[in-house]
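These notes are about the structure you will find just below.
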Amino acid sequence: MSAAASRLAGRTILVTGSGSGIGAALARGFAAESANVVLAGKSLDSVEAMAASIVEAGGVASAVRVDVTSREDVRAGIAHAVTEFGRLDAYFNNVGGAKPMRFLEVTEDDFDEALRLNALSVLIGTQEAGKHFIAQGGGGKVVNTGSVAGRSGTPNVAPYAAAKAAVVSLTQAGARALAPHGVTVNAFAPGVVDTPLWARLDGDLQRMGEEGSGFHAVAGRILLGRPADPDDIVPTAVFLASADSDYITGQVIAVDGGMLLA
């Protein structure tokens, strides 16, 4: 590969939720930049299949089962990365999910479930990756997947929006806590992305009878005129995983086609 296409050469990057959607696109993009990629997911079959496809295409990848709400699993995933490739350089807290529901019908269990998957997982991942980076001698990068929902309070996914708002605060808090050790913590915030998650959301919203909230309606309000493809997220993620972003921390970069401005 040319130097321009190898900004991540020799770096080991772990991506949670990398069996499909944005996570899979990130894993492929990192491998194309010569990174050693560890694909982590709750479904081992899906991450193994994606890792195999990366290896078949000439990349370097390994798969591990990780439930991101389990601290023991997260530690084991990091240990797997180190065993396979000798070190860890970047940890991507990418797992997330939303379940549409009317605001007045949200229960305590709904709220707890959304916060556990989308925010607690970020806390655990940032803590465990941060501890490892410190033990490794300092330096390292944590990157979190946020959402425009965390800044706009979308009523039909209120628990998810609240959890993604928490991701912003956790990104800032993690950046402050880990800066003395040379560890950066940043996030990117997608808008509407053509993934299986959005396909499920779209179906659920239609069944709820929520006109104007579905995939095409929301995508129509994007300034650049189209929803994102998962590959549209990759350049920003590569930047945040590379040395190019060494002087950036505590930031949330919107990758939404101008959606929040519409």
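Read-outs: derived from the displayed coordinates by stated rules, not from any lab. As the structure is a prediction and not an experimental result, all values here were calculated from the model. A quick note on method: Cβ atoms are made from the backbone with ideal geometry, for glycine too, and the neighbour counts reach across all protein chains shown.
Quick look at the numbers
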item	result
Spin-label zone in region 12-29 - amide nitrogen under 11 Å from a point set 7 Å from the Cα of R87 along the C-beta vector	12
Computed label-point distance, nm, for sites I248 and T107 using a 7 Å Cα→Cβ extension	4.2
Helix 196-208 vs. the chain, principal-axis angle (Cα, 0 to 90°, nearest 10)	20
Among D231, D244, D73: highest mean-square fluctuation, GNM of the chain, C-alpha pairs under 10 Å	D244
Within region 3-261: Cβ-based charge dipole about Cα centre, in debye rounded to nearest 20 (Lys, Arg +1; Asp, Glu -1)	580
For G225, net neighbour charge (Lys/Arg +1, Asp/Glu -1) across residues whose Cβ lies under 15 Å away	-2
In degrees, nearest ten, helix 121-136 long axis to first principal axis of the chain (Cα)	10
Cα gyration tensor shape for region 80-165, rounded if a/c is under 1.5, else prolate or oblate	prolate
Spin-label model distance (nm) - A52 vs K99, 7 Å beyond Cα toward Cβ	3.1
Helical contribution to [θ] at 222 nm, DSSP H n ≥ 4, -39,500 (n - 2.57), averaged over the chain, rounded to 500	-14000 deg cm²/dmol
Between helix 71-85 and the chain: long-axis angle, C-alpha atoms, 0 to 90°, nearest 10	40
Efficiency of FRET from Cβ geometry, D231 and L115, R₀ 25 Å, rounded to 0.05	0.25
Over region 1-50 - Rg/Rh using Cα atoms and the Kirkwood inverse-distance radius	1.02
FRET efficiency, D45 to L261 (Cβ-Cβ, R0 35 Å, nearest 0.05)	0.30
